[in-house]
Amino acid sequence: MHKRNLVAAAIVVTLLPVLFFIQQINSSHYVAPVDVAIVSGDASSSIARKLEGAGVIHSQWPFKLLVRFSGKAGALKLGLYHFEGEMSTSDVLEKIESGSVMRFQVTVPEGLRTHDILALLAEKTNTDLKQWRLAIESLLPDEEWEGKLLPETYSYAKPVNPKAVLSQMMDAQRKVLASITTNALEAERLRIMASIIEKETGVDAERPLVSAAIHNRIKIGMPLQMDPTVIYGIWRRDGSFSGNIRRKDLAADTPWNSYTRRGLPPTPICNPGEASLRAAANPADVSYLYFVADGTGGHAFATTHEEHQANVQKWIKIERQRNR
C-alpha cells in the first residue's frame, strides 16, 4: 500500500473513536419524566451511574469521558434535577453544570413566632427541626431570634439548606426596613411596633390605625395595655400559654407585659409582614388611643375612654348573643 494511503488509513482509524464519541454525546433520546438527586459526595462516576439507572443517559462512559475531557468535574452542582423529553449527554451535563435544579415554594404567614416558623419550615420541607435551630443559631449567635424573618413565599432547592432559606428571609426584611429607615435603633423599634400591630389586626386598612394608637399612647406616656404582649411574655416565661387570657395574666409582670410596664416591649412578639412594618413607620393621622373588636372581624376605634367603654359594651353584647 502506498505510504500516503497508509497515513490516511491511520488517521481514519484514529479519528473513528473520536467521531463515535462525538456522536454518542450529541445524539439525543427521549427521557421519560424522572427526578435525580445529586448530593454531597457524589463523584462524576456515581452521578453517571444514577443517570444511567434513571434512564437519563444510555451509557455511563460517554458522560464520564465528557466530564473528564471538558474539565467540569468540579463544576457539577448539587440538587434535585428533573429530566424529561429529548436530551443528549451534552444536554444533561449542561443542565447539571448550570445548576438548573428543581425549585419548591414554602409560604410563611404573618404573625408567627420564630419558634413556630422554624417548626413550619421543618414540616413543609420534610427536614429535621434541629437543622433549622442550628441554622438560626449560626446566623444570630448573640442576637434575639424574634422578629427578624419576613413572612412571605420563598423558593428553595433540594437538598434543603436551612441557613440559605433563613438568610433569604432575613435579607428580605432588611430590604424592607432599609427602604424605611437607615437607623438601626429605629429599625428595631419598628420591628417591635409592627409585631404588635400584626398580632392586633389582620385587616390591612386597620394597620395604620392600630399604629396610631400605639404611637399616641407612647407619646403621652400611657401604657400600651395590649393583650398579645401579655401572652407573649407568658409564653417566653413558661414555654406555653393556655389560650385564654385572664385578669391574673394581665397582672403577671414580664418584660413584655404592656399592662405592667410602659413603652414598647424589649423585643418583637412575632415576625411581622411588610404591611405592618410600613404601618409602624406611617401611623394614620388620628387621635385614637383605644380599640376593641367590633364583631365583624375588625375593630371599633376611640379617642376618649368614654367612647371606648361604649364600644366595649357593644362588643360584650355581641359576645353574649353569640354564646346563647
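The values are calculated or read from the model by the stated rules, or taken from the named source; none is laboratory data. No experiment lies behind these values; they were computed from the predicted model shown. Cβ: placed from backbone, ideal geometry, glycine included. Neighbour counts: every protein chain shown.
Of the helices (runs of 4 or more DSSP H) lying entirely inside the stretch 243-324, those carrying at least 1 residues that are over 21 Å from Gly202 (Cα atoms) and touching a strand residue (DSSP E or B) at 6+ places or on another chain (Cβ under 9 Å) are 305-322.
Looking across the stretch 194-229 at every residue that is acidic (Asp, Glu) and more than 18 Å from Trp256 (Cα to Cα), the one that is farthest from the chain's Cα centre (by Cα) is identified as Glu206.
Select from the stretch 72-88 the residues that are surrounded by 15 or more Cβ atoms within 10 Å (Cβ to Cβ) and farther than 24 Å from Tyr30 by Cα and list them in ascending order. Spell out how you get there, then give the answer.
Step one: list which residues in the stretch 72-88 are surrounded by 15 or more Cβ atoms within 10 Å (Cβ to Cβ), which gives 72, 76, 78-81, 83, 87-88.
Selection gives Lys72 alone.
Gly263 satisfies every condition listed in (1) surrounded by fewer than 16 Cβ atoms within 10 Å (Cβ to Cβ); (2) over 22 Å from Glu186 (Cα atoms) except (2). Screening His215 on (1) in contact (Cβ under 8 Å) with a residue 60 or more places away in the chain; (2) not in a helix (DSSP H, G or I) shows it passes everything except condition (2). The condition of being part of a helix (DSSP H, G or I) and either surrounded by 15 or more Cβ atoms within 10 Å (Cβ to Cβ) or at pLDDT below 90 (or both) holds for only one of Lys130, Lys50, that being Lys50. Under 7 Å between Cβ atoms, which residue pairs at least 6 apart in sequence (or on different chains) link something in the stretch 267-296 that is in contact (Cβ under 8 Å) with a residue 12 or more places away in the chain and surrounded by fewer than 24 Cβ atoms within 10 Å (Cβ to Cβ) with a partner that is among the β-branched types (Val, Ile, Thr) and not in a loop (DSSP other than H, G, I, E, B)? Short answer, once both residue conditions are applied: Thr267/Ile192; Glu274/Val176; Phe291/Val210; Val292/Val312; Gly295/Ile318.
To keep it simple, each residue is scored yes or no on (1) in contact with a Cys (Cβ under 8 Å, 6 or more places away or on another chain); (2) touching a residue at least 12 places away in the same chain (Cβ under 8 Å).
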residue	(1), (2)
Val101	no, yes
Thr107	no, yes
Gly111	yes, yes
Glu123	no, no
Arg133	no, yes
Glu137	no, no
Gly147	yes, yes
